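S.K.: First the structure, which I've put down as C-alpha cells, then a few questions once you've had a look.
The values are calculated or read from the model by the stated rules, or taken from the named source; none is laboratory data. Just so we're clear, the structure is a prediction, and the values are computed from it rather than from any experiment. Methodologically, a virtual Cβ is constructed for each residue, glycine included, from the backbone with ideal geometry; neighbour enumeration extends over all protein chains shown. Ligands, DNA and RNA are excluded from the accessible area calculation, which covers all protein heavy atoms including side chains. Shrake-Rupley method; radii C 1.70, N 1.55, O 1.52, S 1.80 Å.
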Amino acid sequence: MRFISTRGKSGKVSSAEAIIKGLADDGGLFVPEYFPKVFEKLKEKISISYEELAFEIIKEFFDDIPEDDLKDAINKAYKGRFEILEKGAFLELYHGPTSAFKDAALLFLPQIMKKAKKVLAINDEIIILTATSGDTGKAALEGFHDVEGFKCVVYYPKDGVSAIQQRQMNTQVGDNVKVIAIEGNFDDAQRGVKNIFADEALKEKLKNDGILLSSANSINIGRLVPQIVYYFYGYFKLVNKQKIRLGEKINVVVPTGNFGNILAAYYSKKMGLPIDRFICASNENNVLSDFFKTGTYDKRRKLLLTDSPSMDILVSSNLERLIFEAVHRDGEKVSNLMKQLNDNGLYDLDESSKEFISEFYGNYATKEEVFNDISRLYHEEKYLMDTHTAVAHTVLRKYKKESKDYKSSLIISTASPYKFPRSICSALGIEVENYNDFQVLDILNSYTKIPIPKNLRNLDSQPILHRAVCQKEDMKKELLSFLYER
Ligand SMILES: *Cc1c(COP(=O)(O)O)cnc(C)c1O
C-alpha cells in the first residue's frame, strides 16, 4: 500500500515514509491509496483479542513493515497498558496510561515510528513536535519519553487546558521531552507547529546536524490507522453481546475536535464495517456542526474556552482527508479549498460534495445541556460521563429526536470524568469553589465511589519539571534552545 497527498502535488510514498514525514511535501495529509475491504474476512473472527485485531487491520496499510516488527510494535504499545470497555452504548477508550482515548493512537505511534526508521535505515534523531489542546500532549509524552532516537516537544495553550491536564504534562519525566506553554490558543499553537514544519531553511540546518522533524498530531497516518481498530472492536463487541446482528448497520457518535477520531470511523466504513451515519458532535465551538448543516466551513469566529477543552478547535485538520474523498480525490480542488480557508477564513463545497458528506450529521451541545445530561445520566443510571463524552450523548439525543432514526449506536467515550473533575462536580451540583482541582478529585471520588485512575492519583505530590512559557512568535526559538543549548 502506498500513500498519496490530499493536495495531489507530491508523489506516492511507502507507509514507513508517510509515518516518518507526518505531512506531505506539498503541505497535504497522507491518505491511503485505497481502502482494503477487510470486514468480510474479519467477520469470521469476531472474538479475537484487541492486539490480534490490530495486527489484521494495520498490516493492510503498513505492509512494508515486516510482520514480526508490526506484531512487536502492537504488543509493546497495548499489552497490559490499554483496555477498552463497552458499557451499554458507550465504548470507553480511556483505560490507558493518560485516561484519555488518545492513548489508543499515541502508545502505538512511537513503536511504529521506530520500526519505520529501521525500514528506511534512518539514523537521524527524530524530534516529535506536537501542538495540544490538552490530551494529545500528555499522551505523546507518555508514548515517547525515553524512547531511543526520539525527542518529544509539546506546545500547549497556557489557559486552554485543565489544571489536571497541565499537571500531567509538566510533571512528565524523561530526558528527551520538553513541555512549553504558549501565550495563545490551540490554533495559535497548531499554526506555530505548522510554520516550523514549513520552514525549509530550518529543516535544512537540522538535517545537517542529523535531526529530522516529525509530528504526533492526529494528522500523522501512524496515528490515524490504529484508531480504525477500535471501531471494528466495538462493533464486534456489540455482536458478541447480541445487541446487534452481524452485518446490521449502526450509527457512531463521536465528540469531535480535530476530526481524527470520527475520520477513523469513516475509514472503517470504507473498509466494510456496517456503519450508517456518523454523528459529529461539537461543543459551542460549532464550526463543524455548521459545516455539516450548510456545506460552508467558516472559521471566522472567536474560539471559546469550554468545559470540553480537547474539542476547542476552529480548524479541524483531519477534515481535509474527508474533503479529499468528497471531491473525488482531486488534489487541486483540495488545495484551492484550503487556500480559501487560509486567505478568507472560509470555503464552500459544491453541490455534489455536499451530497457526498450527507452521511455525516453535525450538531452541538451547550454547557448547560452537557451539565444537565451528565447529572441526569448519573442520577438515573449511575453512569458517569466526562464532559467530552457528554457532548456526544447530548447530540445523539438531538439527532434521534430530529431524525427518528433509532438504530443502535456506539458513543465513543473519550476521557475519564476524573480528568475534568471540577466541571463534573459543577454538573452534579457539588460545591467545590474553595478547593483546588486535586482536592476536587477526592471530593468527586467520595461522592461517586468510582475509583480514580491510577495515573491521576497523587498527581499533586509529583515535582513540576517543566515551567517554560513563550509568546506564540517564539515557538521556533524555544525549540532551538532545547535542541542546542543543553
Ligand atoms: C482529542 C479529544 C477529542 C477529539 O478527538 P479528535 O480526534 O481530535 O476529533 C475528544 N475528546 C477527548 C477527551 C479528546 O482528548
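S.K.: Condition first: of a type in the set (S, T, N, Q) and away from the ligand (no atom under 16 Å from the Cβ). Now tell me which residues in segment 87-133 satisfy that.
M.R.: 111, 123
S.K.: Return yes when residue 474 is within 26 Å of residue 131 (Cβ to Cβ), free of Cβ contacts under 8 Å to residues at least 12 places away in the same chain and either part of a helix (DSSP H, G or I) or among the hydroxyl-bearing types (Ser, Thr, Tyr) (or both) and no when it is not.
M.R.: Taking the combined requirement at face value, the residue satisfies it.
S.K.: Only one of (1) under 20 Å from the mean Cα position of the chain (by Cα); (2) away from the ligand (no atom under 16 Å from the Cβ) fails for residue 253. Which number is that?
M.R.: Against the list (1) under 20 Å from the mean Cα position of the chain (by Cα); (2) away from the ligand (no atom under 16 Å from the Cβ), residue 253 comes up short only on (2).
S.K.: Within segment 361-438, considering only helices (runs of 4 or more DSSP H) that don't extend past its boundaries, which have at least 3 residues that are out of contact with any Ser or Thr (no Cβ under 9 Å at 6 or more places or on another chain)?
M.R.: Answer list for segment 361-438: 367-381, 387-403.
S.K.: Separate question: I need a count of the residues in segment 1-25 that are under 16 Å from residue 329 (Cβ atoms) and open to solvent by 40 Å² or more (accessible area, probe 1.4 Å).
M.R.: Adding up the residues that qualify gives 6.
S.K.: Moving on. Going through segment 256-287 one residue at a time, which ones are within 12 Å of the ligand (Cβ to nearest atom), at pLDDT 95 or above and either open to solvent by 20 Å² or more (accessible area, probe 1.4 Å) or in contact with a Pro (Cβ under 7 Å, 6 or more places away or on another chain) (or both)?
M.R.: If the condition is that a residue be within 12 Å of the ligand (Cβ to nearest atom), at pLDDT 95 or above and either open to solvent by 20 Å² or more (accessible area, probe 1.4 Å) or in contact with a Pro (Cβ under 7 Å, 6 or more places away or on another chain) (or both), then 281 is the only one that fits.
S.K.: Does segment 324-337 contain at least one residue that is away from the ligand (no atom under 12 Å from the Cβ) and within 30 Å of residue 44 (Cβ to Cβ)?
M.R.: Yes, there is a match, as at least one residue in segment 324-337 is away from the ligand (no atom under 12 Å from the Cβ) and within 30 Å of residue 44 (Cβ to Cβ).
S.K.: Here's a follow-up. Taking residue 442 as meeting all but one of (1) in contact with a His (Cβ under 8 Å, 6 or more places away or on another chain); (2) open to solvent by 20 Å² or more (accessible area, probe 1.4 Å), write down the number of the exception.
M.R.: Residue 442 satisfies every listed condition except (1).
S.K.: Evaluate the following for residue 424: is it open to solvent by less than 40 Å² (accessible area, probe 1.4 Å), touching a Pro at 6+ places or on another chain (Cβ under 6 Å) and farther than 30 Å from residue 239 by Cα?
M.R.: In short, yes.
S.K.: Anything in segment 93-131 that is β-branched (Val, Ile, Thr), assigned to a strand (DSSP E or B) and surrounded by fewer than 24 Cβ atoms within 10 Å (Cβ to Cβ)? List them, or say none.
M.R.: Scanning segment 93-131 gives 126, 127.
S.K.: Follow-up. Mind telling me which of the residues 290, 330, 307 ends up being among the acidic types (Asp, Glu), within 20 Å of the chain's Cα centre (by Cα) and open to solvent by 10 Å² or more (accessible area, probe 1.4 Å)?
M.R.: 307
S.K.: Is there a residue being within 16 Å of the ligand (Cβ to nearest atom) and touching a Leu at 6+ places or on another chain (Cβ under 9 Å) anywhere in segment 238-247?
M.R.: no
S.K.: Still on this structure: Is it the case, given these coordinates, that residue 300 is assigned to a loop (DSSP other than H, G, I, E, B) and over 14 Å from residue 364 (Cβ atoms)?
M.R.: Yes.
S.K.: Taking only pairs six or more apart or across chains, which ones have beta-carbon atoms under 8 Å, a first residue in segment 244-256 that is over 9 Å from residue 279 (Cα atoms) and in contact (Cβ under 8 Å) with a residue 12 or more places away in the chain, and a second residue that is within 16 Å of the ligand (Cβ to nearest atom) and of a type in the set (A, V, I, L, M, F, W, C)?
M.R.: Every condition considered, the pairs that remain are 250/410; 256/262; 256/280; 256/281; 256/288; 256/311.
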